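A short write-up of the structure that comes next.
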Amino acid sequence: MAVSMVNVLAKNGYDTYLIVTREGGLLQSKVSDEVKLIILNKRNSTDFNAFLKLLQIVHKNRIRIVHAHSTSVVWATIVKFFVREVRIVWHDHYGDSEHLNGRSHRVLSFLSRQWSFIIPVNEKLRQWSIDKLHFAVNRIKFVNNFVTQQTQFRSIDEMEMIIYENMINIICVANLRPQKDHINLLDAFEKARSQNDFIKLYMVGVNPGNEYAKGIIQRINDSKWRNDISYLGAQEDVGSCLRYMHIGVLSSKSEGLPVALLEYGAAHLSIAATGVGQVSSVMADGAHGLLVPAGNSLRLAEAILEIINQPEKAKERAEKFAKYIDEEHSEKYFANEISSIYSLVLNNKY
């Protein structure tokens, strides 16, 4: 999301820097040439040299707004103690928004006294900032995530080599993290596969190498249908993968507003998803795709089979969703929203 955002800001005339605290990755090549990309190579939370580099960048380039994503707001706030004219905008991407009662807020509450604005990715996070951080209502605004025009569904040889003709291809784009509930996904796929011989599952997402991720890979290897499940790992160009797919699935226990869902919509895929976080709202309570309860693999399997067995209805929902994405989750929408927030922050000097 940060990469997409800085590219849009640069396109709209902002002098934009993308400062990566730790290291670059697959998306590094997606950063626009108009954006100044700086990687701090931060080793730990107390890496003084990395922090000093950040401070120098902000001071030397007279940066007026630091738009901090998630936990990077800690360093951003410390910067403000040295460069007082800086305005802090916090983009809250907290993913486990179904379980906010357990979210620590004491440190954030203290830091938030230095912030100018909060942009949460769903309404639950917005309310949390009001209730727990006691942040001013007029300085919090939920802004839709968006799909960039860079999403081009072009051919790539790697996908063509593994795609089977005359199959119904299902994809789940989700990093291997517990909240994404891949066990639910795999259980649902196996139930659906037992009733349909012509479906395949493709999984795209970062493997962090932790115990959860290792368990998911082992679960795939142990599956009766392992030859019909392909874990593709992290992909630089998700749009190219989606070009070959028919159904997009999200099986999460908890979500904010997953960009993957928007990418499914932009690719005109039929969708089966758990109604968590902002998913239900974006899916128009089922008008744009099929919604199922979290953790219910049987219902998810039934939704997948319903899409396959009722293709005309599925196509109608997919087209409605694609139109909605174009209107409400476009670059133009996001640029207008961010510009208005930045103007408010600078003019009111919060």
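The values are calculated or read from the model by the stated rules, or taken from the named source; none is laboratory data. Remember, it's a predicted structure, so these values are computed and weren't measured experimentally. As a convention, Cβ positions derive from the backbone with ideal geometry for all residues, glycine included, and neighbour counts pool all protein chains shown.
Look at Gly295 and say whether it is closer than 17 Å to Ile199 by Cβ and not polar (S, T, N, Q). No, not satisfied. Looking at the structure I just gave you, is Gly239 under 30 Å from Pro120 (Cβ atoms) and in the same structural domain as Leu298 (by TED's automatic domain parsing)? For Gly239, the condition - under 30 Å from Pro120 (Cβ atoms) and in the same structural domain as Leu298 (by TED's automatic domain parsing) - is met. Any chance segment 127-148 includes a residue that's among the small types (Gly, Ala, Ser) and surrounded by 20 or more Cβ atoms within 10 Å (Cβ to Cβ)? Yes, because at least one residue in segment 127-148 is among the small types (Gly, Ala, Ser) and surrounded by 20 or more Cβ atoms within 10 Å (Cβ to Cβ). Among the strands (runs of 3 or more DSSP E) confined to segment 55-143, the ones with at least 1 residues that are outside the structural domain of Gly256 (by TED's automatic domain parsing) and among the charged types (D, E, K, R) are located at 87-92.
Looking at segment 215-227, can you tell me whether even one residue there is within 19 Å of the chain's Cα centre (by Cα) and assigned by TED's automatic domain parsing to the domain that holds Thr274? No: segment 215-227 contains no residue that is within 19 Å of the chain's Cα centre (by Cα) and assigned by TED's automatic domain parsing to the domain that holds Thr274. For Gly24, the test of being assigned to a loop (DSSP other than H, G, I, E, B), under 30 Å from Ala174 (Cα atoms), among the small types (Gly, Ala, Ser) and without any contact (Cβ under 8 Å) to a residue 24 or more places away in the chain is passed. Test Gly239 against the criterion of being outside any loop (DSSP other than H, G, I, E, B), at pLDDT 95 or above and not charged (D, E, K, R), and give yes or no. No, not satisfied.
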